[in-house]
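The values are calculated or read from the model by the stated rules, or taken from the named source; none is laboratory data. Just so it is clear, the model here is predicted, and its values are computed rather than measured. Quick reminder, even Gly has a Cβ in these numbers, built from the backbone with ideal geometry, and neighbours come from all protein chains shown. Heads up: the accessible areas ignore ligands, DNA and RNA and are worked out on the full protein's heavy atoms, side chains in. Shrake-Rupley method; radii C 1.70, N 1.55, O 1.52, S 1.80 Å.
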Amino acid sequence: MEILKIMNLSFQFPDMNKEVLSEISLDVIEGEFLVIGGPSGCGKTTLLRLLKKELAPVGTCKGEILYKGKPLEKWDERALLEEIGFVFQDPDNQIVMDDVMQELVFGLENLGYSTNEMRKRVAEMVHFFGIENVLTEKASQLSGGQKQLLNLVSVLLLKPKVLLLDEPTSQLDPIAARDLIRMLERLNKEMGITIILVEHRLEELFAIADRVLLMKEGRIRHEGMSQGLIQSLYLAKEEQFIPYTPSIARLYMETEHPFTNTTIPLTVKDGRSWLRTLSTDLYNKLDEADQNEKQLPEPILSAENVFFQYDKKSPLILKDFSVDVRKGEFFTLVGGNGSGKTTVLKACIGLLKLQRGNIRLFGEKTNQRKKIRIHEKIAYLPQNPRSFFMFDQIEKELLDVIERKNVENGSEKMAEIVEVFEISHLLRKHPYDCSGGEIQKIALACMLLGGPELLFIDEPTKGLDPISKQKFGELLRTLHKEGLTIVLVTHDIEFAAKYADRCAMMFDGRITVDGTPGELFKGNYFYTTAINRVTRESHMPDVLTLEEAFIKWPVC
């Protein structure tokens, strides 16, 4: 039975000539786990918000959306509030109360539930999710994963029939993201909740989704069950969508000829079973990189014994933190939500007053008055790039960077950046009218247009689709080869493994271990890549990325 039916749905924002959604028709079966992917700006979030009446964007909407056979606009407002739940991409945008318990009961109180009913629901849900230990905490003090779980529990207390999620794992570390996905799988299988999830990180979702939709330019381009969809993408040579598929499935499709859709591996278990069928005498080649000691340049960034806490009553965020980043290095920092990664970036550029320790940029302490000259050489892209924008058009933002930074051949460089990031169609738009992924790309374009010597980036792949992420990674790789020093904080282990020179892991306020991507990530349970989980302890070469497999596996 269809719980949602979308018929010829089109949507256009005010003052825009092009439709964001164009003639979308879709039936969602009750109890289905539906995953929607596609490039940034293709209309995924708009489609999701139109299904939640209270969050529907302002604009011209054509077509019809039926919930349980009745148009949305004819439903009682209270019924829709309870039966269709929505979890935002940014957990901070959804939390309205100071305390965890107040946040949990906020919706129930506003809908007039009795005290006994609220107690019963909260007790059951809190026990199910195991969050008793944070009930008395301030919501602002929770980690990103805890905040997202709080939002999910708050929505589930209303007992929704449909759960809509907009990139819920985008700001979560690998462990928190995996936990959330497994929890959604349980809600779908054990409680029968219909789930519609918009996501860029599809690596693990193909294995649990009943159906996957891929959108582009406001239309559904492909849909189907996971294995059948992957096979059809390869047979049709859809290069624009193949990067959305799981890496182990892509390795299989490049290796096995002929193949059938029923044998395409989607999980580590399936991947290892497939590997055992490969009969080959392959040996892991030693890296041919020059092992001779090289004279390293002086550190461009140096932190020594840094201690920091936001106020006297709060715990220390950084504890005896030290790191050296040398000129021309691509350095990546990973770690759990709340481990202090973003605090490190803010401390490095002088935005925080340290309790103890020193930080030097280009040989000068960041707390000295000379930091104005230092800041001309650096660029910092925060986790929420919306705060970066000052003008009502993207083009004005780019032109302002050219003027402020005195960019040589500014028009040519701007045209090049716009082409690389594929944002030419956004130049006349207001920044706040762009999707999360588009905002990320635009802010990055502005950063790089200024030609910095040292680039600090906080979670740059957060809102990027696989194609945009690959292009961004290749751009960083090119800039890195040209001498740009990069310090990047990320939860995206696949990205760090593919592009970084050196990676470090934060734990308990300090760097607990660092090394090359291979040294840091190979063999881990969670802080590693899907390909490594499959290939380690097998008779095939142990690899960290798909590209490494293509190099080391002659059968590919």
With a point put 7 Å past each Cα toward its Cβ, work out how far E109 is from R428 in nm, to one decimal.
-> 4.8
Given the Cα-Cα distance of K138 and E547 and 0.36 nm per residue of separation, how much length would full extension add, in nm?
-> 142.8 nm
Please work out whether the stretch 383-499 counts as rounded, prolate or oblate from its C-alpha gyration tensor, where a ≥ b ≥ c are the square roots of the eigenvalues and a/c under 1.5 means rounded, while otherwise a/b larger than b/c means prolate and anything else oblate?
-> oblate
Near the amide H of G335, under 5 Å away, which other amide H atoms are found, from residues 5 or more places off or on another chain, if H is placed in the peptide plane?
-> M506
Round to the nearest 10 and report in Å² the accessible area of D98, as given by a 1.4 Å probe over the protein chains' heavy atoms.
-> 110
What Kirkwood hydrodynamic radius, in Å, does the stretch 481-556 give when the mean of 1/r is taken over all pairs of distinct Cα atoms and then inverted?
-> 13.5
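Just check the chain against the gyration tensor rule for me: Cα atoms, a ≥ b ≥ c as the square roots of the eigenvalues, rounded for a/c under 1.5, and otherwise prolate or oblate depending on whether a/b exceeds b/c.
Note, shape of the chain comes out rounded.
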Counting pairs on different chains as well as pairs 8 or more places apart, how many Lys pairs in the stretch 89-248 have Cα atoms under 21 Å apart?
-> 7
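Using the crude model of +1 on Lys and Arg Cβ and -1 on Asp and Glu Cβ, and no other charge, please compute the dipole size for the chain relative to its Cα centre, in debye to 20.
880
How high is the relative contact order of the chain? Use alpha-carbon pairs under 8 Å, at least six apart in sequence, and give a whole percent.
Details: 997 pairs, mean separation 83.3, N = 556.
Relative contact order of the chain: 15 percent.
With the other protein chains left in place, how much accessible area per residue, in square angstrom, belongs to the chain at a 1.4 angstrom probe? Don't skip to the answer; put the middle values down first.
Details: 26300 Å² over 556 residues.
Result: 47 Å² of accessible area for each residue.
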First select every other residue whose beta carbon is under 11 angstrom from the beta carbon of V105; then total the charges, Lys and Arg +1, Asp and Glu -1.
-> -2
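Determine the shape class of the stretch 25-95: with a ≥ b ≥ c the square roots of the Cα gyration tensor eigenvalues, call it rounded for a/c under 1.5, and otherwise prolate if a/b is greater than b/c, oblate otherwise. Provide the component values of the computation, followed by the final result.
On the way: a/c = 1.34, a/b = 1.17, b/c = 1.14.
Judged from the Cα gyration tensor, the stretch 25-95 comes out rounded (a/c under 1.5).
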Expected vector for the stretch 496-506, Karplus 3J(HN,Hα) from phi with 6.51, -1.76, 1.60 and θ = phi - 60°, integer Hz, x for Gly and Pro, equals 4, 5, 7, 10, 7, 7, 9, 10, 9, 10, 7
List every residue whose amide H lies under 5 Å from the amide H of L4, counting only residues 5 or more places away in sequence or on a different chain, with H placed 1.01 Å from N in the peptide plane.
-> V28, K68
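Once the other residues with Cβ under 10 Å from the Cβ of R326 are scored (Lys, Arg +1; Asp, Glu -1), what is the net sum? Present the calculation step by step, with values, prior to reporting the outcome.
On the way: positive: K327, R502; negative: E298, D324, E329, D501.
It works out to a net charge of -2.
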Past the 23 Å Cα-Cα mark, which pairs from K5/K53; K341/K396; K327/K353; K413/K441?
-> K341/K396; K327/K353
Mean Cβ neighbour count within 10 Å, used as a protection proxy, ranking 240-246, 450-456 highest first | 240-246, 450-456
Between K68 and E537, what length comes free when the chain is fully extended (0.36 nm per residue of separation minus the Cα-Cα distance, one decimal in nm)?
-> 163.9 nm
Using a 1.4 angstrom probe on heavy atoms only, work out the carbon and sulfur share of the accessible area of the stretch 367-498 in %.
-> 47
Evaluated at 25 °C and 0.890 mPa s, the Stokes-Einstein D of the stretch 149-243 based on the Kirkwood radius over Cα pairs, in µm²/s, stands at 168
Quick one: if you stick a label point 7 Å off each Cα along the C-beta vector at K269 and K319, how many nm between them?
-> 3.8
Positive minus negative residues near R49 (Lys, Arg vs Asp, Glu; Cβ under 13 Å) | 0
Probe 1.4 Å, all chains present, heavy atoms only: D542 accessible area in Å², nearest 10, is 40
